[in-house]
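Report on one structure; see the data block that follows.
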Amino acid sequence: MLSKYFQSNKQLIVLEIANNHQGDLEHGLKIIKLFSEINNKYINDFNFAFKFQYRDLETFIHKDYKNSDIKYVRRFLDTQLNDKEWGSLIDAVKDAGFYTMCTPFDEASVNKVVQDNFDILKIASASIDDWPLIEKIGDSNKKEIIASIGGASMEKVKRFFSYMNNKGKDIALNYCVSLYPTNQDKLNISYVKELKRTFPDIPIGFSTHENGSVDNTAGLALAAGAVIFEKHVALENNNKNYTINDYSVDTKQYENWICNLLESKAILGSVENRNFNLNLELDALRDLKRGIFVDKDLSKNKLDNKDVYFAIPSKQNQLLSNDLSKFNGIELKSDIKVDQPVLYDQVNISNTRPEVEKIRDFIRDELRQYNISIPQSIDLEISHHYGIEKFHEFGTCMLTLVNKDYCKKILYQYPNQKHPEHFHKIKEETFILLEGSLDVYLENDKHRLKKGDILTIERGVKHSFESTTGAIFEEISTEHLSDDSYYTDDSINNNANRKSKIMLFNN
């Protein structure tokens with residue numbers, strides 16, 4: 001699985017050697033040695049792979065062009081390595097403790113990638129729609145695949161992904177720009193976000209081709225969501241006339257680039273780091289938070305909003321304004337004089353929030369069990385008409401998906417739970433039962449709904465509902481207004497805290 005090349009907050013850096021070994025084993029080994037020394041400084045922050053390219057030159061280049069001066073033909077022919085030399089380079093990467101990766105450019109080379117047991121197979125931008133090659137890779141036993149998408153439309157990328165996904169491959173996509181080198185105004189790194197939006201369940205990377213002097217692009221790609229970073233690496237050798245092309249980096253440029261990426265990583269941080277900082281932030285903010293003071297002499301009793309006021313400065317052990325929540329029941333254990341602070345050791349606090357969270361977790365699991373998809377940002381509205389302690393007897397749960405001139409909700413009724421009698425003056429609604437069974441009472445008429453049944457409730461009609469088995473149903477209606485529910489029992493109408501809201505998804 002590709003996931004084994006990623007730990008939490010530890011991205012994968014790929015060093016692309018390509019033909020920069022110059023067909024010279026000694027030079028290739030030197031590249032691996034010197035760049036590995038840099039990698040070892042950052043081994044706690046990143047994973048690393050060295051990448052090569054395979055071409056079966058006997059078939060890849062047409063026989064009539066073997067003596068051609070065409071730039072790429074000449075480059076490939078002049079940098080050939082034999083099997084023994086390839087084996088030495090691969091062993092050098094493994095001995096250094098890094099992953100191996102290779103791009104095959106033809107069907108014969110796919111066989112060689114499999115034979116040489118590379119950790120990851122890479123597909124080049126030029127090959128993403130080379131279907132004879134793609135099908136060869138799809139039929140191979142290489143499961144972990146990273147593909148660059150330079151020059152490919154989203155339609156081509158989706159077609160490629162669909163094919164590989166159906167083949168059971170473990171895929172990552174690298175955004176890149178196939179211009180060598182890439183000017184900064186052509187990078188469009190924000191496209192990483194579009195790939196993440198379109199393919200939310202796979203890793204997205206960034207393969208760079210900008211000039212070696214540009215060292216801030218990886219950090220920007222990281223901010224956009226990239227977790228793979230591919231960089232072309234090379235070394236000069238004046239004695240052998242080996243030069244570095246415009247889109248590769250030497251050791252100094254590479255270290256500047258990786259230092260910039262590491263600094264960006266520290267600045268961006270993580271959810272875990274942010275959560276770790278919360279207590280420090282809360283301590284820093286405490287002096288700015290208002291403390292709770294009583295505005296008259298109080299004896300042991302339930303603390304009510306009308307009996308207190310809020311002001312600064314607060315004492316270290318004093319209740320703060322945020323403690324006075326509808327989820328907190330606060331009982332005084334001792335008498336408190338007017339204008340005195342309310343301290344934690346003077347009260348008992350009962351919190352109903354955990355019960356709300358249990359209900360949220362249960363509803364979320366039930367919806368997943370029945371494959372009912374809900375947008376991530378939706379609030380779960382929990383109705384507890386006679387208090388949270390009686391929720392499992394009287395109540396319901398609802399998710400409002402749309403509320404405009406029309407409204408769509410998903411409702412969940414627990415087994416043996418009742419929703420008390422009420423009516424709407426403005427709203428007309430239709431129930432569609434998705435799972436379970438539901439008894440709906442319209443005035444004196446009882447309607448038992450089974451899966452797939454539909455029932456419309458006109459304006460002004462008193463209705464209640466309950467389920468012995470549990471039920472999931474849709475409500476399609478005209479616009480829902482918060483003040484358009486009138487309960488027969490006035491104690492419900494007068495209960496301002498009969499609803500709790502919590503996000504259905506908390507991560």
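Got a number for residues in the range 225-247 being out of contact with any Lys or Arg (no Cβ under 8 Å at 6 or more places or on another chain) and not in a loop (DSSP other than H, G, I, E, B)? Don't jump to the end; show me each part of the working.
Of the range 225-247, the ones out of contact with any Lys or Arg (no Cβ under 8 Å at 6 or more places or on another chain) are 226-229, 231-234, 236-247.
Then drop every residue that is not not in a loop (DSSP other than H, G, I, E, B), which leaves 228-229, 231-233, 237-240, 242.
The qualifying residues number 10.
Just to be sure before I move on: is ILE410 of a type in the set (A, V, I, L, M, F, W, C), part of a strand (DSSP E or B) and under 20 Å from TYR487 (Cβ atoms) in the structure I sent?
No.
Among (1) within 30 Å of ALA224 (Cβ to Cβ); (2) surrounded by 15 or more Cβ atoms within 10 Å (Cβ to Cβ), where does LEU268 come up short?
Among (1) within 30 Å of ALA224 (Cβ to Cβ); (2) surrounded by 15 or more Cβ atoms within 10 Å (Cβ to Cβ), the lone unmet condition for LEU268 is (2).
Considering the range 201-224 alone, what residues qualify as being under 13 Å from the mean Cα position of the chain (by Cα) and under 18 Å from VAL157 (Cα atoms)?
Within the range 201-224, ASP201, ILE202, PRO203, ILE204 qualify.
Could you check the range 105-192 for helices (runs of 4 or more DSSP H) lying wholly inside it with 3 or more residues that are touching a residue at least 24 places away in the same chain (Cβ under 8 Å) and within 29 Å of the chain's Cα centre (by Cα)?
In the range 105-192, 131-139, 154-166 are the helices (runs of 4 or more DSSP H) which contain 3 or more residues that are touching a residue at least 24 places away in the same chain (Cβ under 8 Å) and within 29 Å of the chain's Cα centre (by Cα).
Here is a list: ILE202, ILE244, ILE228. Which entry is in contact with a Gly (Cβ under 9 Å, 6 or more places away or on another chain), under 19 Å from SER3 (Cα atoms) and either touching a residue at least 24 places away in the same chain (Cβ under 8 Å) or outside the structural domain of LYS122 (by TED's automatic domain parsing) (or both)?
Going through ILE202, ILE244, ILE228 in turn, just one is in contact with a Gly (Cβ under 9 Å, 6 or more places away or on another chain), under 19 Å from SER3 (Cα atoms) and either touching a residue at least 24 places away in the same chain (Cβ under 8 Å) or outside the structural domain of LYS122 (by TED's automatic domain parsing) (or both): ILE228.
Are any of the residues in the range 48-56 in contact (Cβ under 8 Å) with a residue 24 or more places away in the chain and farther than 25 Å from ASP106 by Cα?
For the range 48-56, residues in contact (Cβ under 8 Å) with a residue 24 or more places away in the chain and farther than 25 Å from ASP106 by Cα: present.
Is at least one residue of the range 447-467 in the same structural domain as SER383 (by TED's automatic domain parsing), among the aromatic types (Phe, Trp, Tyr) and not in a strand (DSSP E or B)?
No, the conditions are met nowhere in the range 447-467.
Give the residue, chosen from ILE228, ILE149, ILE189, ILE204, that is in contact with a Pro (Cβ under 9 Å, 6 or more places away or on another chain) and modelled with pLDDT of 95 or more.
Selected residue: ILE228, the only one of ILE228, ILE149, ILE189, ILE204 that is in contact with a Pro (Cβ under 9 Å, 6 or more places away or on another chain) and modelled with pLDDT of 95 or more.
Output the qualifying pairs, or none if there are none: Cβ atoms under 8 angstrom, residues six or more apart or on different chains, first residue in the range 483-494 and more than 16 Å from LYS427 (Cβ to Cβ), second residue aromatic (Phe, Trp, Tyr) and part of a loop (DSSP other than H, G, I, E, B).
Final answer for the pair search is SER491/TYR386; ILE492/TYR386.
I need a count of the residues in the range 305-344 that are among the hydrophobic types (A, V, I, L, M, F, W, C), farther than 15 Å from ARG286 by Cα, part of a loop (DSSP other than H, G, I, E, B) and in contact with a helix residue (DSSP H, G or I) (Cβ under 9 Å, 6 or more places away or on another chain).
Summing the residues that are among the hydrophobic types (A, V, I, L, M, F, W, C), farther than 15 Å from ARG286 by Cα, part of a loop (DSSP other than H, G, I, E, B) and in contact with a helix residue (DSSP H, G or I) (Cβ under 9 Å, 6 or more places away or on another chain) in the range 305-344 gives 3.
The values are calculated or read from the model by the stated rules, or taken from the named source; none is laboratory data. Everything numeric in this text was worked out from a predicted model, so none of it was measured. Note that each Cβ is placed from the backbone with ideal geometry, even for glycine, and that neighbours are counted across all protein chains shown.
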